[in-house]
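Report on the structure given below.
The values are calculated or read from the model by the stated rules, or taken from the named source; none is laboratory data. This structure is a prediction, so every number in the text was calculated from the model and none was measured. Here Cβ is always computed from backbone atoms with ideal geometry, including for glycine, and neighbour counts include all displayed protein chains.
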């Protein structure tokens, strides 16, 4: 657990608000922030890309440049673009239960190197687009794979391993690729929804989203894509970084999260997203989001209701 590693590193705080412990590497730096008392409008800024992951407690993030405001909870990621400061509220921090967040600052040159690599190996020419980092704030509930990666990153930074620098670079590279994949995936899906006839891949993605409850018929998908089976799988994986089956499961679970937030029952959501029984659905949801559908619905609805009561 990330919290257990951080507990070993925690020392007597020098300050009660955003007490910081840092671990440097060649092209990045990990900082662990602890806040021990409530506070509001505490500024956080960086001239580098900053990836934040909540460990415990709650923050409320404000970005004045685009009127952005959201709650930031454990098992969520918040990505700050360079030179886009935010202000943070700490509504429930205390000595006994500090609000803890980890932040990974990544050098712009390293980000650009990875972008260049993706442009060489995973071309987006069919969309007349290149891989790039869009300078925008990103707030997302990350999946269990990202959570495991963050755990690994904290472990590598804080231990004195003989291959520490090499391992950090590998882990940070994976984190950047996940971020770029997230942004590009959202672009491609939006393009598919807006122009399903633009190309064969668009037609397939649009079809999958319109038929989430159905199992995949690969012969039909290849016909929609106008590709051989081998070419279809290669093109799909190059665009999305996963197989069509994995993509279907991911989209099902993201749709399930949306339905849970709309107030639908777990049973209704289960069958609406193609699962045959609620036990299988709950296991899949927890593996992806790190919590059960009921826990997710309670946490997110509590957050929404809190905002509505302001």
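Residues in the range 119-138 that are in contact with a strand residue (DSSP E or B) (Cβ under 9 Å, 6 or more places away or on another chain) and surrounded by 15 or more Cβ atoms within 10 Å (Cβ to Cβ) were compared, and the one that is modelled with the lowest pLDDT is 137. Which one is modelled with the lowest pLDDT among residues in the range 286-300 that are assigned to a helix (DSSP H, G or I) and in contact with a helix residue (DSSP H, G or I) (Cβ under 7 Å, 6 or more places away or on another chain)? Result: 300.
Just one of (1) crowded, with 20+ Cβ neighbours inside 10 Å; (2) over 23 Å from the mean Cα position of the chain (by Cα) fails for residue 19. It is (1). Among residues that are over 20 Å from residue 143 (Cα atoms) and either over 25 Å from the mean Cα position of the chain (by Cα) or free of Cβ contacts under 8 Å to residues at least 24 places away in the same chain (or both), residue 213 is not included. When 29, 7 are checked against the criterion of being within 24 Å of residue 161 (Cα to Cα) and either touching a helix residue (DSSP H, G or I) at 6+ places or on another chain (Cβ under 6 Å) or without any contact (Cβ under 8 Å) to a residue 40 or more places away in the chain (or both), a single residue qualifies: 7.
Looking across the range 71-88, the residues that are over 14 Å from residue 44 (Cβ atoms) and in a strand (DSSP E or B) come down to 71, 76, 77. Would you be able to say whether some residue in the range 89-103 is assigned to a helix (DSSP H, G or I) and either free of Cβ contacts under 8 Å to residues at least 40 places away in the same chain or surrounded by 18 or more Cβ atoms within 10 Å (Cβ to Cβ) (or both)? Within the range 89-103, not a single residue is assigned to a helix (DSSP H, G or I) and either free of Cβ contacts under 8 Å to residues at least 40 places away in the same chain or surrounded by 18 or more Cβ atoms within 10 Å (Cβ to Cβ) (or both). Checked against the criterion of being without any contact (Cβ under 8 Å) to a residue 24 or more places away in the chain, under 20 Å from residue 206 (Cα atoms), surrounded by 18 or more Cβ atoms within 10 Å (Cβ to Cβ) and not assigned by TED's automatic domain parsing to the domain that holds residue 75, the range 246-269 has at least one qualifying residue. Considering only residues in the range 146-167 that are touching a strand residue (DSSP E or B) at 6+ places or on another chain (Cβ under 7 Å) and surrounded by 18 or more Cβ atoms within 10 Å (Cβ to Cβ), the one that is modelled with the lowest pLDDT turns out to be 146.
When you look at residue 155, is it assigned by TED's automatic domain parsing to the domain that holds residue 113, within 28 Å of residue 80 (Cα to Cα), out of contact with any helix residue (DSSP H, G or I) (no Cβ under 7 Å at 6 or more places or on another chain) and not in a loop (DSSP other than H, G, I, E, B), yes or no? No, not satisfied.
Any idea which of 175, 149 is without any contact (Cβ under 8 Å) to a residue 60 or more places away in the chain, in a helix (DSSP H, G or I) and under 22 Å from residue 2 (Cβ atoms)? Of 175, 149, the one residue that is without any contact (Cβ under 8 Å) to a residue 60 or more places away in the chain, in a helix (DSSP H, G or I) and under 22 Å from residue 2 (Cβ atoms) is 149. Going through (1) surrounded by 15 or more Cβ atoms within 10 Å (Cβ to Cβ); (2) closer than 26 Å to residue 296 by Cβ; (3) more than 18 Å from the chain's Cα centre (by Cα) one by one, residue 232 falls short only on (2).
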